[in-house]
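Any read-out appearing in this document is the output of simple, stated calculations on the displayed coordinates, not a laboratory observation. All of these numbers come straight from a predicted model, not from anything done at the bench. A quick note on method: Cβ atoms are made from the backbone with ideal geometry, for glycine too, and the neighbour counts reach across all protein chains shown.
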Amino acid sequence: MTRKMTIGLVLVAAGVVTVGNESTAQARLPTTCRTTLTAPAECTGRNLTGYRAGVGQGTSTVDQIWESEAIDEDLANWETLVSHVTDTIPTTVAAVRRSTWNDYLLCRTQGLLDGAVCRMNEIDPVPGCQLDGIAWGKMSASIYCTMSDALGGLGDVVPWFIRPSPGVCEDGFQSSCEDVYRYGATRGVDELTDEVEEILVSRDIPLSSLLQPTTCPLYTQDPFVETFDDSVFVDCSYVIPERP
């Protein structure tokens, strides 16, 4: 399994780390993410404050996972780090979207993504492709399923991010994202393409790890088919369509 191949945008650290309880056992690698990342044009005023707070949260989340006992600051465990990072993001996004969703929270979510990917690029001696379409599809499906279950189904589809973060891979992004999204949300009813399945096998990624909760297929069928299709399209577009 190649260390550079990654699968997830996970926001929930799956029991490996608790955000806000950082390890200080070893000297932390320096970071410039908080000063070098540029906020999207949409994030100004109060929304810029939210973006910057998100960047701090994203970098801290990666640091905590990197320093956790499961990773132990060992690059040989990079795939595990990516998996835990990608498990953490959907939970964080879903937590804020359950109560409300506005431009401030959108900018904060974007900062979280940017900060996490930036920090991974700093730690990785071969920075570049940290998150690909497979990772994004798994993460997006998790957000869709969590929100659908919490709210009894979704109505209008609103993008949960503004732009792909630097360090997200474009090659084949949309097709592989949609493939994994549909496979995970329908729990395998919509099958993976041979190409994507071969990639997953080559990375030793169990197909079962893509499957969303058993309640999710309900929100991929009538009367939610159109919402589901729109969500897959919007979430997997490398360049997000403009809001209507």
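Descriptive notes on the structure:
- The Cα-based radius of gyration of the chain, divided by its Kirkwood radius, gives an Rg/Rh of 0.95.
- Dipole of the stretch 38-236 computed with +1 at Lys/Arg Cβ and -1 at Asp/Glu Cβ about the Cα centre; of VAL62, PRO159, LEU106, farthest Cα towards the positive end is LEU106.
- VAL158-SER209 FRET efficiency (beta carbon distance; Förster radius 25 Å; 0.05 resolution): 0.40
- The stretch 49-98, dipole about Cα centre (Lys/Arg Cβ +1, Asp/Glu Cβ -1), debye to the nearest 20: 620
- Per-residue Cβ neighbour counts within 10 Å put TYR238, TYR183 in the sequence TYR238, TYR183, beginning with the fewest.
- Ranking of MET120, MET139 by neighbouring Cβ atoms within 10 Å, starting from the fewest: MET120, MET139.
- Cβ-Cβ FRET estimate between THR35 and GLU226, R0 fixed at 41 Å, reported to 0.05: 0.45
- Charge dipole (the chain, unit charges on Cβ, about Cα centre) - positive-most of GLY188, THR31, GLN212: THR31
- Potential extension, VAL201-ARG28 segment - 0.36 nm per residue separation minus Cα distance: 58.9 nm
- Taking the centroid of alpha carbons for each part, the stretch 94-110 and the stretch 152-181 are 16 Å apart.
- Per-residue Cβ neighbour rank within 10 angstrom, fewest leading, SER142, SER237: SER237, SER142
- Rounded to the nearest 20 debye, the dipole size of the stretch 38-236 about its Cα centre is 980 debye, using +1 on the Cβ of Lys and Arg and -1 on the Cβ of Asp and Glu.
- Helix-only [θ]222 nm of the chain, DSSP H runs n ≥ 4, -39500 (n - 2.57) each, per residue, nearest 500: -15500 deg cm²/dmol
- Amide H to amide H, with H built 1.01 Å from N, ASP87 comes under 5 Å of VAL10, LEU11, VAL12, counting only residues 5 or more places away or on other chains.
- Charge dipole (the chain, unit charges on Cβ, about Cα centre) - positive-most of LEU75, SER237, ALA116: ALA116
- Scalar couplings 3J(HN,Hα) for the stretch 117-131, obtained by applying the Karplus form with A = 6.51, B = -1.76, C = 1.60 to θ = phi - 60°, are 5, 4, 5, 4, 5, 6, 6, 6, x, 10, x, x, 8, 8, 9 Hz; x denotes Gly and Pro.
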